[in-house]
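The values are calculated or read from the model by the stated rules, or taken from the named source; none is laboratory data. This structure is a prediction, so every number in the text was calculated from the model and none was measured. So basically every Cβ, Gly included, is an ideal-geometry build from the backbone, and we count neighbours across all protein chains shown.
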């Protein structure tokens, strides 16, 4: 039995922004463009921005801290003002996420980088990225006590469950190295029908296995496995929870299933984060609704008369 909270699902959902040209620097209310080269005489960045009426240069590296694996303290403002600088990428504790220029809010808005590849390189040693870069799947939605071993969850008890790495059949996660072959793993040969039904699936004439609850599109009557709405069928493990089913939910798709929090695609928000008549019924992913008055929240509800 695992004693776990929804802490895992909430680990790192606050994400990314625009600390460069014409964006707000953390806690200063001043403009902080990205600067690199220094003037050899003054030591001031040659492209530093100087506030009118002052001689104080401001530049992005003044706010940059050494890379670590803790979530950056930023969030995205759905109805942000326009900005003429580049978008930036931030580490949210388990992945790098982009926020449009001008949309960043939070004290770490000055720590962004200009590309996803730079962000991932800065956090290559962090467990989630180490898992993915060595061929594993980061199960950000889980509440486990330990990383999977040989492709399977380990029965154990812990106070708070956490996201873990699934390296797949025959491999386990090695701290500091990522996914690696595990000599302690052994293959189990189980007929597909028995594997399907023993892991909660339904064996029926659907031509090919379902994916994330979506039936096979092929037209035939061959027997295959129908798994749960957040699962795929693995030929050696049966019906298993998959990150692909919890992530990148599109417009109109539900963002909760049986109490599990799912992640909407970039640019969309989950209506359960808002109140009012616009979010009645099942919470779904939708585009932010903004107006010039600021009276509408991200779900399109009138804040003065919800």
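Observations
- Filter result for residue 140 (surrounded by fewer than 19 Cβ atoms within 10 Å (Cβ to Cβ) and not assigned by TED's automatic domain parsing to the domain that holds residue 269): no
- Pair list, Cβ < 6 Å and 6+ apart or interchain, from the stretch 240-262 residues that are part of a strand (DSSP E or B) to residues that are modelled with pLDDT under 90: 249/255; 249/262; 249/264; 249/285; 254/282; 254/284; 256/283; 261/9
- Any chance residue 229 is modelled with pLDDT of 95 or more, in a loop (DSSP other than H, G, I, E, B) and surrounded by 13 or more Cβ atoms within 10 Å (Cβ to Cβ): no
- Within the stretch 167-204, the residues that satisfy the criterion of being closer than 17 Å to residue 126 by Cβ, touching a strand residue (DSSP E or B) at 6+ places or on another chain (Cβ under 6 Å), touching a residue at least 12 places away in the same chain (Cβ under 8 Å) and not in a loop (DSSP other than H, G, I, E, B) are 173, 179.
- Yes/no for residue 271 being under 16 Å from residue 288 (Cα atoms) and outside the structural domain of residue 151 (by TED's automatic domain parsing): yes
- Of the candidates 85, 161, the single residue that is in contact (Cβ under 8 Å) with a residue 24 or more places away in the chain, closer than 19 Å to residue 263 by Cα, outside the structural domain of residue 286 (by TED's automatic domain parsing) and surrounded by fewer than 23 Cβ atoms within 10 Å (Cβ to Cβ) is 161.
Residues are listed down the side, and each one gets a yes or a no for (1) surrounded by fewer than 15 Cβ atoms within 10 Å (Cβ to Cβ); (2) assigned to a loop (DSSP other than H, G, I, E, B); (3) at pLDDT 75 or above:
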site	(1), (2), (3)
61	yes, no, no
66	yes, yes, no
71	no, yes, yes
80	no, yes, no
93	no, yes, yes
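- Residue selected from the stretch 205-225 under the condition surrounded by 15 or more Cβ atoms within 10 Å (Cβ to Cβ) and in a strand (DSSP E or B), by the criterion nearest to the chain's Cα centre (by Cα): 211
- Just one of the numbered conditions (1) farther than 15 Å from residue 243 by Cβ; (2) surrounded by 12 or more Cβ atoms within 10 Å (Cβ to Cβ) is not true of residue 175: (2).
Rundown of residues vs (1) surrounded by 13 or more Cβ atoms within 10 Å (Cβ to Cβ); (2) modelled with pLDDT under 75; (3) part of a loop (DSSP other than H, G, I, E, B); (4) outside the structural domain of residue 104 (by TED's automatic domain parsing), yes/no style:
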position: 267; (1), (2), (3), (4): yes, no, yes, yes
position: 275; (1), (2), (3), (4): yes, yes, yes, yes
position: 278; (1), (2), (3), (4): yes, yes, no, yes
position: 282; (1), (2), (3), (4): no, no, yes, yes
position: 285; (1), (2), (3), (4): yes, no, no, yes
position: 288; (1), (2), (3), (4): yes, no, yes, yes
position: 291; (1), (2), (3), (4): no, yes, yes, yes
position: 294; (1), (2), (3), (4): no, yes, yes, yes
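- Residue 124, sole failed condition from (1) at pLDDT 90 or above; (2) farther than 14 Å from residue 266 by Cβ; (3) touching a strand residue (DSSP E or B) at 6+ places or on another chain (Cβ under 9 Å): (3)
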